[in-house]
Structure formats: C-alpha cells, structure tokens
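Asks: Following this message is one structure expressed as structure tokens.
The values are calculated or read from the model by the stated rules, or taken from the named source; none is laboratory data. Predicted model only: the values in this text are computed from it and were never measured. Ideal geometry is used to build each Cβ from the backbone, glycine not excepted, and the neighbour counts take in all protein chains shown.
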Amino acid sequence: MRPGIRNMCNRFDRSYSYLSCILIPAVFVLVLAASCHKEKPSLYLKIGLPEAPQSLNLWLGTDANSKRILSQIYQPLYRRHPKTLKIIPWLAAADPVFDPEKSTYTVTLRQAKWSDGSDFTSEDVVFTRQLFFDFKIPGRYSKWKLIHKIDAPDPHTVVFHLKEPSAIFMSRIMTVPIVSKAEWQDVVKKALATEKPLRTLQDHVVTHPMGTGPFVLTQVKKGAYIHMKKNPYFFGTGLTLGGHVLGPYVDDILFRVYGTSDVAILALKKGDIDYYWWDIQAGHLEDLKGQDDIDLYFNKKSALYYLGFNLRKPPFHDRALRRAVATVVDKEFILTRVLQGYGTPMNSVVPSGNHFWYNPDVKTYSHGLPREDRIKAAVKILSTAGYTWQTPPVGEDGSVVEPSPIQLPSGRKMDKFVILTPPADYDPRRAFVGTMVQEWLRDLGMPAFARPMAFTALLDTVKGKHEFDAFILGYGKLNLDPDYLRAFFYSKNDRPRGWNMSGYSNPEFDAIADAQRRTIDPEERQQLIYKMQKIILADLPYLPLYNPNVIEATLNQRFKGWVSKVNGIGNIWSMCTVKPVD
Amino acid sequence: MSLLSVKNLSVGYQTPAGVIRAIDNVCFDLETGRPLGFVGESGCGKTTIGMALMGLLPDNGTVLGGDILFRGKNLACFSEKQWRKIRGRDMAMIFQAAMNALNPVYRVADQIREAIITHHPEAAEADLDSRLEELFDLVDMPLERAWDYPHEYSGGMKQRAVIAMALACSPKLVIADEPTTALDVIVQDQILKGLRAIQARLKIGLIFISHDIAVVASVCDRVCVMYGGQIVEAGTTDEVFSSPRHPYTRMLLGAYLSLDSKPDIRVPEMGETPDLFQADGRCRFSVNCPERSADCSSSRPKWIEVSKTHRVFCCNEALIRSINETL
Amino acid sequence: MKPGVFLVKLLEIALIFFIILTLLFFLFRLSPGDPVSKMVDPMLTPEDMDHLISQMGLDRPVWEQYLIYVKNFFTGRFGVSFHYGEPVKDIIKQRLGWTILLFTTSTVMAAFAGVYLGKIAAWKKNSRLDNIMSISALVCYTLFIPWFALLLLWGLGYQLNLFPLGGVLTPELWVGAGSFVAKALDLAHHMVLPLMTLFIINLGSYLLLMRSSMLSVLQEDYIITARAKGLGETVIRDKHAAKNAALPVITSVGLNLAFSINGGALTEQIFTWPGIGRELIFAVSNNDYPLAQACFLLIALVVLVANLIVDLLYAWVDPRITY
Amino acid sequence: MLKTHYIHRFFAGWQIFIKNPVAKAGVFIMVVFMVMALASFCLPLLGPMYDPMTGIDPDIRLSTPPSLTHWLGTDNVGRDILAQLLEGAKVAFIVGLSSAFISIVLGTAIGMVAGYAGGLWDAVLMRAADIIMVMPSLVILLILASLFGQFNIWLIVFIIAILRWPAVSRVIRSQTLSLKQRPFIEASQVAGASSFRIIFRHIMPNVLPLAFLYMTFRVTSAILVEAALSFLGFGDPSQVSWGMMLQWVWKSGHMFQAPYWLIPPGISISLLTLAFYMLGRAMDEVLDPRLRRQAQG
C-alpha cells in the first residue's frame, strides 16, 4: 500500500505544475473562441428591466416590474385614453349604462378570447369579483366592496349594483384587470380550504398566466430573461382604440435584467436592448443626446414628492410656521440643481400632468424669489405669528445675517427637530433634498436636522407610530384619480398605519372629500377637487416639493412607434403600436 | 595524483561594510581514500571551505582567487550547470543540522532515491530498491523504516539517513561539516565509528570539519588547524596534536581539558577578533599571538616545514629558529 | 485523521451553525419595520396590511415564530419567500449553481495562479520581475471592487465590445434551439468579466502570501541539502520549496473565504450575475426574512465546511500534522 | 534603561525599514494623504463655496470638468470635487485608523487572555472568534444597515472593528502560548505577580510589535469595507467619504461621463490602502528576525 501513496505524491507534484500552466492559458483560449462568435441579428424587441419581476402571480406581483409584465397579459374592462386620460372601453364594448334609481351600471362585453382560445364571458367578471371578496385581496376588495350585487343576464352583459353612486366606480373599479375562471377556479377552491387562504393563493406558482392581452408568456429563465410572444387571440388586433391602430406588430419580446442603470445605458448604446424601462438619470443625457440612433422622451410624471409635517405636536402644529417653511424652501433650486432642469414645478398636491384634476391657481408661497426675499418673507410671517430672535435673520438695514436660535411665541427656544428621509441608496434625490431643507431652515435659526433612515424603519416610525417631526416621502406612481387626496387628509384616516400621516383634521375638508366620492358628474367633481386642493395648500399638512419628469431612451435602429403618455412611454399602447423599422 | 588539491583559495562575502575575506590563500591537498580534518574555533571559515568546495556559497559569497583541482577539473570557474553534474555524484556533503536537513513533507526513501535518480535517470526500480537496501545496511538502519517521514526519525537516525543520502551515488569525496555536533555523545560515537568504517571500506576522500579536536583526532589521520580564514598549521594528527608548533594550535589544545593531561599550558583570555577585511595576507592571529614580534605586523607569514608531513604558517623569526634547531 | 476528532469537528460546526441561525433569526425579527410596511400603494388600507401580516404569520409572538422556524428548518422546509412567493429552496437551487460556477472557479484559479506566480517571484527575490509582481499584487489586493468592475465593463465590455455587459446568457441564443456548444460558449463569454474581476482581486492576496512563505522556506536547511544532491533549480523550486510553501496558502483559502464572499456579492451585483450573494442583498433590502436567512446560512455553511475541508487537505499534504 | 533599549531597538528597526523600497513608497503615499487630510481642515477658510457637503458654486449647475476655480471640477450639484476628496481623505484616516485601533486593542486583549488563561476561557473566546471569522463582514454590515436604518460614521467604525478582531486575536493567542512557556514568565509567576500584571506587564510588550503589524492590514480592510458600504448607499450620507462620492457618481449616472469625478476617489481608495499595506509588509521584514537578517544581507 505504501508505494501507492508514494507515487501519488510524486505525481501530485509533477501534475500540479502542469495543471497550473494548462489552466491559465486554457481560459484565455476559451475567451478568444467565445468572443469571435457574434449573435445573428434577430427581430426580437429587447427591453431592459432594472430588477427581476417579483412574481408572475397577479396577487403577489405588486412590484413595478411584475406589473409591467402582467399588464401585457391580464386586461381591465376600461382603460384611460393615452392623450385625453378619459376612461375608454377596453375589454368592455361600450361605455356603461347608468340607471340612477336602482344605481346600477350595465356593461356590455367585447367578443374577446382568452389566450387558450376559450371565450371571455361575464362568468369571468363575476368570478373575479367573488375572488376579491373571498380573499379580501389587498387594494381591490376595499374598492370593490361598493358593488354589493353583480349579475350576468347573458354571456356578454354584466350588471353592477352599487349601494350608493360612487365617483371612483369608473376610475378605480373598472380599471382592475379581470382573470379567467378556468385558470384560477381550482386554485381558489384549494386555497379557501387552507388555514391561510390568501397566503396559499399568493404562493401558487404561476408558470403560464392566461390573459386577454396582446402578449402571452412563453418562457422565464430565472435571473436571465423573460420571453413573451404575440397573443394570436388578442381582441384588439386591428381595432382603432385610444387614437391608435393596435397591433401588436412585434412577434417576440425579450426582457433582460441589468444590475445598474449605467450598464443598461451602455447596453442601449451598444444595441443590446431597444428600450430601458426605467427612469434615466440626467447625467446620461449629454452623452445620449450625442447619439443619433437614440431617441429621448421627456414626459410628465403622475407623482408627488413632498415634505410632510406632524400636526399633532409642536412645533409644526402652528400653520404660520408651516407657511414660513413653505416660503423659505427654494423649489427653484431643487428643480434646476437636483433635477438638473428635467422636472415640472409642483405647486399643488395633484401633479400638473394630471391636467383635468390639476388646480393651477392654488397658493404658491415663494415661487421664483431669490434667497434674500424668501428669507425676508418668511421672517415677516414668523414675526407676525409671534416668533422672536435675539439677532433676527434680517438686520435693521435689510441685510440677511446668521440668525440666533428662533424663539417660540411662548418665549421658549424652539427645540431640535428632525427631518426623516429615505436612505441614499433608495432615492438619492430625497436624501439630498433633506440636507438642503435643513440648511434653508437653519437660515431662519430653526434647529433642523435631516437624518436618513432605512425605508422600512422610516415608514414604521412615520406611518405606524407617528413619532416624527417632519419627513420627506413621495409617491412615484400616483393613480390618475384624485381620490387619494381623501385618503391622505381624511381625519378618520389619522390612525396607526393609516394614510393620514400628518394628523390633519378639518371637518370642512372631510365633508367635501365625502361629497366628491358621490358626485358622478366629472365637471362637478372637478370643482370639489379644486376646492380640496385650495384648502390643503392653505393649511399645508404636506408641502409639495418637486415632480421629476420621466426621462426614457429608445434605440431607433430596429423599432419605432413608441406612444408618449403621463408616466412615460412604457405602457400598453406602446407595446401594441411599436413596429419594426423596414 | 591527489584527489583534490586547493591552491591559495580565497573566498569573500559582500556585506554593506565591504568584502569579508572569510578564507585567505588556503592551500591543502587530499589523496583519494584519506580522511583530512579541519579544526578551529567557530567563525574561522572552515564551513566556508566546505561550501566553497561544493559550490554552495550563498548569494553574496564569491571565490576571490585560487583554484580547486578536483580529479583534473578546476572547480573555481565552474558554471552552475557543471557544478550540478558533479554535486551528489562525485562529491557529497553531510550537514551539521541534521534535524531539518531532510524535507519534512517527503518520505526519507523518496529523498534518497531522488539523489540516485537525479544522476542516473535510467536506473530501473529494482536497482533503486537494491541500492537503497545497500545504503541502509551501510549505515545499519532497519530497511522497513525507509518509508517513514523525517519527523518520525530520532536525531541519530536522521544523521544516518543524511549520510546514506550523501553516499547514494558512491561519491569519491565526502565533506562532513560537524556531522555529530547536534547529537548526544553515545550516538555521536556510533556515527563516527560508522563513518570511519565506511570511509575506510569504500576508500572515500573525506574532509571532516569540526571544532571538537577529539572527534577530528579519532576520525582523521591528517588535520589542518585554521584561524581567521587562514590555515596556521597542517600535518598528521599525532604530529600536530602531540607537538604543536604554532602558538594558536598550542592555545587551542590548552583550552581542551582532557582527563589525564595536567593543565600546565596557561589559557590566555582571548582578546581582539581578527580583522577579516585585511587583504594583504599578513598573519591574522598576530593581533592575539602571545609571541607576537615586530615582523609579524610587517612581513607575510610563510610555510615552515617542521617535517615532511608537518608544516607551520608563521613569520615569527624566533619561532622559526626554534623549529630549525629541533630538526 | 482519526474519526473521533472528525466527529468533534463536525459537532463544533453544527454548534456554531446553530448559534448563527439563532442570532440571525432574532436580528431580523427584532429590527423595526416589516415586509408589508414597504408597500406605498395608497389603495392599501391599514386593514389590508394587517390582513397581509397575519397571512405571513408575523403577528404571532417572536418565540413561537422561532420554534416554528427551527422545526421547519430541520425538517428541510425553509419557508416561502415573502417577496417571490416561491419556496426558498427552489430560489436557492436556481441561484446556487451560478454562484458556485463563478465563485469556486475564480477562487481555485486565483489560488493556483497565486502559488505559481508567488513561487517564481520568491525564487528571483529582489529581481525586477519580483518587484513588478509584488507591486502589482499589492495593487490588485487593494483594488476597490465595484470601481474596478465598472471600469472593466466600460473598457472591455463597451469600448472594445469584446464581452457582453453583465448577465448570464444571450437570450436570443437560448430561446431558439441553439446547440449545446454555442450555449456553453455563450455562458463562458458572459462569465469572463466577473471571473476576471474576482480572479484579479483574489490573486493579489494569494501571490503575496505564497511569496513570503516561499522566502522563509528557502532559508531552510533541506533546500541546501537538495542543492547538495545536485538537483536542478526548477526541481528544487517546484518540488521541494513550493510544496512546503504552499501549505499556509491552503489554510488561507479557508480563512479569507469570508473576504472573497464579500467580493463575490459585490461582483454579482455589478454584473447582474444571479447568484446567492446578489439575492441576499435584495432579500435584505426587501425585508424578505426567510430568503435572507436561508441565503446567509448557506454562505455560513459553505465557509464552515470549506474550513473543515482545508484542515483535512492540510493534514493530507503535511504529514507532520496528525489529528 | 528600559526606555533607551526600546528607543534603540526602534531606531535600529527604522534603519532597516526605511532602506526597503516598498517602505519608502508606502511612507511617501501616506504623507501625501496626510497632507490632504490636514488640508481638509482649512477648507472653510476658502469660503462657503468649498464646503464639501453644502458648498455650491452659484453659477455652476452641471458637473463641470476641472477648471481654475475647481481644480478637480464639480459634481452634478455644483460642489467642489477636490474639497470632497480632501474630506474623504480625513474620513478614510479616521475610519481606517480608529476601527483598526479598536479591533487591535480588542483582538490583543482577547488573544492574550485566551492564550494565557487557557481552558474554558480559551475555548469560549476562540469559538466566538470562529463564529465572527466565518461571517462576511460586508454582508453583515449590509444587513444591519438596511434593518436598523442609517449609521453615523462612528457606528460603522465600531461595527467594522467588532467584525475584525478575531483574525488578530488568533495570532496574538498563538504568540502568547509560545511566550507562556518562556522562563521569564514562569519567574514572574513564581514571584507572585497577579496574572493581570503578567499579561499586561510582561506579555504585552512582546506581543505589541505583531499587533501593530496586523493593525496596518486591518486599516486596509476597514477602509475598503467602509467604501463598499457607502458605495452601495448604506454609508452615512451626512458625511462625505470616497465611497459616498463614488455612490453619487454612480447614482447620478455620471459614471462614464465624468472621469474627473470617477477616477480620483477610486484611485485614492486604492492608493491609501496600498500605502498602509506596504507599511505593513515592510514592518513585517523588520519584525520577523529571519527576514530581518536577510534584509541586512
């Protein structure tokens, strides 16, 4: 036995040196061989995604990327027109017929088919509503519970019975995707029998979602790519909807994930992808402008980035202080410096992109004033409200000086307060704006401290426990229906984990908010929404700060026909109208 | 024709402070099959001679002059390739620190076989095994221990293994640099007996380097005494040790307290260290020599024949006269 | 290596593993916030959120959750990821292959290359070659991974258009019925840049370690004996010196595995390489407790087992060590 | 007498140390960065525009290449890059040195106690070391940062130190084990010295040189981990550091448009860690007797 080991040892030494000199050159040979093989040009529409979709299960996939994939498959009854943003029929054949006495909506359905060829019937709509009720699906049930009864007289008509007329019926209930009974029937039955039905439904692994949309999912290679093919049974092919003749004119779409946006931009310039479905930072623009085979799109965004105050405790329970802060904050600087000029001024809590509901003449505090005037105006507001300083920010000769700490009307010095912001990795803009707001407030002698916090921890303290002075948060994708104003400022929502984070309660506002929910007529509701915005901008529970534009880029060598809309060109209309350049 | 003859060999070490001439104009001859001893205090350059003969001087060591004639070839100007051909085959060396002279991660038998394979690549397995057996008998070591690892050997066995490795290709010249210093007396005695028997039987030219006079006396029949890189006295063992002529040899013997002799020779306390940078060939022991005279510091010492086989390297006129009178 | 000692080592690993598991569990559960609070969709009412939390079983007392978790863990069920909705086991199965492919190849190659180059550098100490090698090894060791990775991507990936920009494969090839060889080549083509990043980063440390351990081995007496035997330069260097000098490098592979895992996670993040490291970073930022815990425990297990293997390997290579 | 002995030994060591070319390069780079760190203190004198965090050039809106007023150019918000680089140097020194120092103090103390006390202490401490050694420190920091919210710079320094002491403690423990058998330790034990005194009076001086050697390596890893953490966005945003600069370049999309903004921080991180590492390697030769002899030869 001994000699055996002995030879092995020797062999180990000799082979070891040979091994190591073979190993390294082998790698480089491999590299050369690999690099000379070029992919053949093919006509796939290649789209880059910032992150892999969370899940293909409609009930779990709530992140942006999952919604992008699933919105090509599952379709709603009605949808917004890309230009006018009005609600237009989609899976439904025509506008619903409203019967005021029985307060019912009757909707006739289009002759559509599911991607497996079976017919889309009213049966599926009834099943979908029942599913919302059985599982109390988050975000759906709270809206659909207004429909206390639904019946389907024939396969292509559905009658919705409402308790009371609701303005958000069309905008929030009818725009919810409908699922097929065949696909989910037995999953639902099995899930309801378990102890945690919703969790079982969400954990159901969906490999081939069945929908009525323009595309169908053929293959998902985890961590690498997602392949979708044209849905032959798409009801929209050839129809002219929303001012566009729908296709889809592309047979295959390939989604690829890119870890960092820099790499994605390089891939775009190199031609690896045709479109990067994510907001591009301003830094890339000079470079991309120089490329003639890349088109740039600047669209308004339905978003709200704001500075929220805690009205429940000093110092921000005092409206005058909030107005002073609104005056001294330099929105112009944020727009030009932080957003590098690519943004729209945010005067009201409704973004200007949502042009129907946006109220242009609300109180704007310091729009466009230079630094000295802003400080002077803020000091005037504060002093009339009884705030004092040993050395005020504005000297007798009108020059702006370094103030001493501000004193409350009661004479006591204002104690330290913290402005909470999300961490830099989550959103570098908000973290930086936080530091700038801190500087502007210190110009008034206020002891302000911006402190970034982990996103989940931040929401827990602000939304859950209400233990905060001020915070900077934002909603990147606000629904185009302004009902969210009610959610944010309704006094009853001022409870732990409720959406009224700043603790605003104004009976007059509550009354209007309830009224607007019931008014069906858009013009009438618009006036109510205008009044709501006027009240909010007067009381300032939230100070709107900025609204960045959506900057997107596409390669124009292979495809053209992207449709611009609020929130950018990544929408169903583009998918249905993009066609190869021939 | 002598196996090895060294003619005024000088070896120096480059150091930041200049060139140390560790060996200064050393000459000696070695017949085939005769054991020659080198004795001297530590730092007198005896190990450097061994290393110079094997061409194993460290990076900063160089042969400054003189030549080494070994079986007709002058090693002084050998290239590394030429050295490699004869090292291990015609000449071999046994080192003092036997404790880690063997590579710890290879089996002893492998290392010994390697010594043979290097010079006889075409050797068949059977020959290698038989040669290994012979070697282990030669140093009387049990063969089954051959495949153990060095750390499983005792000090004595390690030294025997090193000796076996040195004799692997039956070299004509073996240089043993203090082979037994690290061992206890009993094992030392066994090793020396073994070494003497092997040297006699295989007619190997042995150069035995040690600081221990008794050990050199028991192994070698001719000896050279060294001080400060110079050979001060050379001759047969009994000539040099019974009637030492050179003051340093006498002092060296005086320091060696044997049981029977009366310590009549006063042992002077050692003074300065020799200046090894000196390159003019003057006697380096003069700085400590009790019988120093004026011409010691001026003229260069030369070889004085005390007898045909016994000579002294000195320049002290009084001493020379006393030697000539006794002739 | 006597089996008794081996068992003790296994027990030790099991104990350490269990402690890490417990520490990690409470670390996640006691931190503020939960997976649901991240959802900013205004349509979600507080009732919806509480409904979701109870469905996730997070409303039960922490101790109860811990016991359930441990029971599930040892019966092979690692729970379902909150974020992906898929069982954690499947997600890890998909990701593990990629990480092992990239991570082990780069570490092994770096170790071999490090030993090979370190040996050469040490043999010609203070020569120009040695200085160049040690300085460049120093630079490699102190490179800042994300910065270096992005430079590679920009330089080789974009400017010279030699390599793809991250990702694991070219979809067009894999969607159609591409031949196996084309697919393998495509995979290798994607692997080059991340592999090169990790290889260069790890190479530095192994080369330096090998060089210094080689320098001290060359002082040993058995090297002079080898010379006395008339062995050739390369034989002495490769056979005698390198084998002894390589021993500390082997232990260092185990020891700084944790360091190279950091590097691995960063590289996967930059090159969108769908490995365990990248998944862990996402899972942590999404508060996806089951997935994050499983990924981290897997990494801890890999490191512990690797250290055990390194000990075994060391005992096999160095006869002096007997357990 | 003791003092001069140490001073003498230090100067002898210094002679060898400074002759080594690697050490010369290391010291040179170190001095350059120290000057930069000190320069960052006199930034406010140049005026508010040069404040690394909030100093904004009124008439610059985009990231501009190097100009007379801004030697290294400005970032996309108009802040001076050179000012940020200097501030980053100061932070790197603070983070590197303090976290390395804490981890050395911790590691040495635990190593000595474990080595000297042996038995249960040794087992417990070393097992704890194993657990922490196994953990990839960057990933741990990521977990802590994303769970507990943002850290200020000192908390990061402390956590890096906590995660870095095991490596040192192992080395110190093995050194203490070998020292324990030395006669002078037994002599002091016989003389009735308390174990506390033995550890800190006798063992520590012998162990300190090795500890300092490891300190340089720890500084390297501390700087790299902090930079990686801030690069991923989990650093302390109110504190400018090189990692934060790289994060701003990355997030603002200027990664491949503004080399003057991208290159300096990346290079500085590598150079400073290189300098510390070079010092470590050169010190290694001074402290390791065998290498020392070779260094003289």
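Asks: Here are some conditions: (1) crowded, with 19+ Cβ neighbours inside 10 Å; (2) within 8 Å of another protein chain (Cβ to nearest Cβ); (3) modelled with pLDDT under 85. C:Phe296 meets all but one. Which one does it not meet?
Replies: In the conditions (1) crowded, with 19+ Cβ neighbours inside 10 Å; (2) within 8 Å of another protein chain (Cβ to nearest Cβ); (3) modelled with pLDDT under 85, C:Phe296 misses (3) alone.
Asks: For the range D:253-264, which residues satisfy the criterion of being in contact (Cβ under 8 Å) with a residue 40 or more places away in the chain and facing another protein chain (nearest Cβ under 8 Å)? Even if it seems obvious, please write down each step before you answer.
Replies: Restricting attention to the range D:253-264, the residues satisfying the condition of being in contact (Cβ under 8 Å) with a residue 40 or more places away in the chain are D:254, D:257-258, D:260-261, D:264.
Across the range D:253-264, the qualifying residues are D:His254, D:Gln257, D:Ala258.
Asks: Scan the range B:124-143 and report the pairs whose first residue is of a type in the set (Lys, Arg) and whose second residue is buried (at least 18 other Cβ atoms within 10 Å of the Cβ) and in a helix (DSSP H, G or I), with Cβ atoms within less than 8 Å and a gap of 6+ or a chain change.
Replies: Qualifying pairs under 8 Å: B:Arg131/B:Ile116.
Asks: Moving on. Tally the residues that are at pLDDT below 85, under 26 Å from A:Pro248 (Cα atoms) and surrounded by 20 or more Cβ atoms within 10 Å (Cβ to Cβ), restricting the search to the range A:29-51.
Replies: 0
Asks: Return the only residue of B:His211, B:His246 being within 29 Å of B:Tyr153 (Cβ to Cβ) and out of contact with any helix residue (DSSP H, G or I) (no Cβ under 7 Å at 6 or more places or on another chain).
Replies: The unique qualifying residue is B:His211.
Asks: So which residues in the range D:218-234 are touching a Ser or Thr at 6+ places or on another chain (Cβ under 6 Å) and within 14 Å of chain A (Cβ to nearest Cβ), if there are any at all?
Replies: D:Ser230
Asks: Further question on the same structure: What pairs come up if the first residue lies in the range A:255-283 and is on the phi > 0 side of the Ramachandran plot, the second is assigned to a strand (DSSP E or B), and their beta carbons are under 7 Å apart, counting only those six or more places apart or on different chains?
Replies: Cβ pairs passing all conditions: A:Gly271/A:Leu555.
Asks: Pick out the one residue from A:Val179, A:Val187 that is among the hydrophobic types (A, V, I, L, M, F, W, C), within 14 Å of another protein chain (Cβ to nearest Cβ) and either assigned to a helix (DSSP H, G or I) or touching a helix residue (DSSP H, G or I) at 6+ places or on another chain (Cβ under 9 Å) (or both).
Replies: Values: A:Val179 fails: within 14 Å of another protein chain (Cβ to nearest Cβ).
Going through A:Val179, A:Val187 in turn, the sole match is A:Val187.
Asks: Quick test of your reading of the structure: A:Met532 fulfils all but one of (1) surrounded by fewer than 18 Cβ atoms within 10 Å (Cβ to Cβ); (2) at pLDDT 90 or above. Name the failing condition by number.
Replies: (1)
Asks: Shifting gears a bit: Can you spot a residue in the range C:209-222 that is among the β-branched types (Val, Ile, Thr), more than 11 Å from chain A (Cβ to nearest Cβ) and under 24 Å from the mean Cα position of the chain (by Cα)?
Replies: No: the range C:209-222 contains no residue that is among the β-branched types (Val, Ile, Thr), more than 11 Å from chain A (Cβ to nearest Cβ) and under 24 Å from the mean Cα position of the chain (by Cα).
Asks: Separate question: (1) touching a helix residue (DSSP H, G or I) at 6+ places or on another chain (Cβ under 7 Å); (2) within 14 Å of another protein chain (Cβ to nearest Cβ); (3) small (Gly, Ala, Ser); (4) more than 27 Å from D:Leu272 (Cα to Cα): which one isn't true of D:Ala128, the others all being true?
Replies: Of everything listed in (1) touching a helix residue (DSSP H, G or I) at 6+ places or on another chain (Cβ under 7 Å); (2) within 14 Å of another protein chain (Cβ to nearest Cβ); (3) small (Gly, Ala, Ser); (4) more than 27 Å from D:Leu272 (Cα to Cα), D:Ala128 misses just condition (1).
Asks: OK, next. Would it be correct to say that C:Leu173 is within 9 Å of chain A (Cβ to nearest Cβ), at pLDDT 80 or above, out of contact with any Phe, Trp or Tyr (no Cβ under 8 Å at 6 or more places or on another chain) and farther than 20 Å from C:Thr104 by Cα?
Replies: So C:Leu173 does not fit the description; no.
Asks: Here's a check for you: in the range B:99-118, which residue that is at the interface with chain C (Cβ under 9 Å from one of its Cβ atoms) and aliphatic (A, V, I, L, M) is nearest to the chain's Cα centre (by Cα)?
Replies: Here the answer is B:Ala101.
Asks: Tell me, please, whether a residue that is crowded, with 21+ Cβ neighbours inside 10 Å and at pLDDT 85 or above can be found in the range A:388-400.
Replies: no
Asks: Suppose the filter is away from chain A (no Cβ under 14 Å), modelled with pLDDT of 85 or more and surrounded by 13 or more Cβ atoms within 10 Å (Cβ to Cβ); does C:Phe73 pass it?
Replies: It is false that C:Phe73 is away from chain A (no Cβ under 14 Å), modelled with pLDDT of 85 or more and surrounded by 13 or more Cβ atoms within 10 Å (Cβ to Cβ).
Asks: Which fully enclosed helices (runs of 4 or more DSSP H) of the range A:429-524 have 3 or more residues being aliphatic (A, V, I, L, M) and free of Cβ contacts under 8 Å to residues at least 24 places away in the same chain?
Replies: A:507-518
Asks: So is D:Glu186 more than 10 Å from every other protein chain (Cβ to nearest Cβ), of a type in the set (Asp, Glu) and closer than 30 Å to D:Leu274 by Cβ or not? Write out each step before concluding.
Replies: Working: more than 10 Å from every other protein chain (Cβ to nearest Cβ): yes; of a type in the set (Asp, Glu): yes; closer than 30 Å to D:Leu274 by Cβ: no.
Answer is no for this residue.
Asks: Taking the range C:135-162 on its own, how many of its residues are surrounded by 17 or more Cβ atoms within 10 Å (Cβ to Cβ), more than 9 Å from chain D (Cβ to nearest Cβ) and outside any helix (DSSP H, G or I)?
Replies: 1
Asks: List, please: which pairs have Cβ atoms under 8 Å, are six or more places apart or on different chains, and start with a residue in the range C:105-128 that is in a helix (DSSP H, G or I) and end with one that is of a type in the set (Asp, Glu)?
Replies: Correct list of pairs: C:Lys119/C:Asp238; C:Ala121/C:Asp130; C:Ala122/C:Asp130; C:Trp123/C:Glu233.
Asks: Here is a follow-up. Mind checking which residues of the range B:37-87 are β-branched (Val, Ile, Thr) and within 12 Å of chain C (Cβ to nearest Cβ)?
Replies: B:Thr47, B:Ile86 - these are the residues of the range B:37-87 that are β-branched (Val, Ile, Thr) and within 12 Å of chain C (Cβ to nearest Cβ).
Asks: If you don't mind, another one. Within the group C:Leu218, C:Leu247, C:Leu203, C:Leu165, which residue is touching a residue at least 60 places away in the same chain (Cβ under 8 Å), out of contact with any Lys or Arg (no Cβ under 6 Å at 6 or more places or on another chain) and buried (at least 21 other Cβ atoms within 10 Å of the Cβ)?
Replies: Testing whether each residue is touching a residue at least 60 places away in the same chain (Cβ under 8 Å), out of contact with any Lys or Arg (no Cβ under 6 Å at 6 or more places or on another chain) and buried (at least 21 other Cβ atoms within 10 Å of the Cβ) leaves just C:Leu203.
Asks: Could you say whether any residue in the range A:470-478 is among the β-branched types (Val, Ile, Thr), touching a Leu at 6+ places or on another chain (Cβ under 7 Å) and more than 11 Å from chain C (Cβ to nearest Cβ)?
Replies: Step one: list which residues in the range A:470-478 are among the β-branched types (Val, Ile, Thr), which gives A:472.
In the following step, the residues that additionally are touching a Leu at 6+ places or on another chain (Cβ under 7 Å) were identified as A:472.
After this cut, where a residue has to be more than 11 Å from chain C (Cβ to nearest Cβ) as well, the list is A:472.
Taking every residue of the range A:470-478 in turn, at least one turns out to be among the β-branched types (Val, Ile, Thr), touching a Leu at 6+ places or on another chain (Cβ under 7 Å) and more than 11 Å from chain C (Cβ to nearest Cβ).
Asks: Further question: Can you find even one residue in the range D:173-185 that is assigned to a helix (DSSP H, G or I) and crowded, with 24+ Cβ neighbours inside 10 Å?
Replies: Yes: the range D:173-185 contains one or more residues that are assigned to a helix (DSSP H, G or I) and crowded, with 24+ Cβ neighbours inside 10 Å.
Asks: Now a separate question. So, C:Leu247, is that one away from chain A (no Cβ under 14 Å) and farther than 30 Å from C:Leu58 by Cα or not?
Replies: no
Asks: Looking only at residues that are surrounded by 12 or more Cβ atoms within 10 Å (Cβ to Cβ) and aliphatic (A, V, I, L, M) in the range C:11-22, which one is farthest from the other protein chains (Cβ to nearest Cβ)?
Replies: Here the residue is C:Leu21.
Asks: Right, something else. If you scan the range A:482-492, which residues turn out to be crowded, with 19+ Cβ neighbours inside 10 Å and touching a helix residue (DSSP H, G or I) at 6+ places or on another chain (Cβ under 8 Å)?
Replies: The answer is A:Pro482, A:Asp483, A:Leu485, A:Arg486, A:Phe489, A:Tyr490.
Asks: May I ask you to say which residue of A:Ala152, A:Ala167 is crowded, with 21+ Cβ neighbours inside 10 Å and either within 14 Å of another protein chain (Cβ to nearest Cβ) or in contact (Cβ under 8 Å) with a residue 24 or more places away in the chain (or both)?
Replies: None of the other options fit; the residue is A:Ala167.
Asks: Which of the residues that make up the range B:293-311 are under 28 Å from the mean Cα position of the chain (by Cα) and either charged (D, E, K, R) or closer than 22 Å to B:Glu272 by Cβ (or both)? Don't jump to the end; show me each part of the working.
Replies: Our first condition is that a residue be under 28 Å from the mean Cα position of the chain (by Cα); within the range B:293-311, this holds for B:296, B:300-311.
Passing the criteria: B:Cys296, B:Arg300, B:Pro301, B:Lys302, B:Glu305, B:Lys308, B:Arg311.
Asks: Got a sec? Which strands (runs of 3 or more DSSP E) wholly within the range A:282-372 have at least 1 residues that are within 14 Å of chain D (Cβ to nearest Cβ)?
Replies: A:294-299, A:343-345
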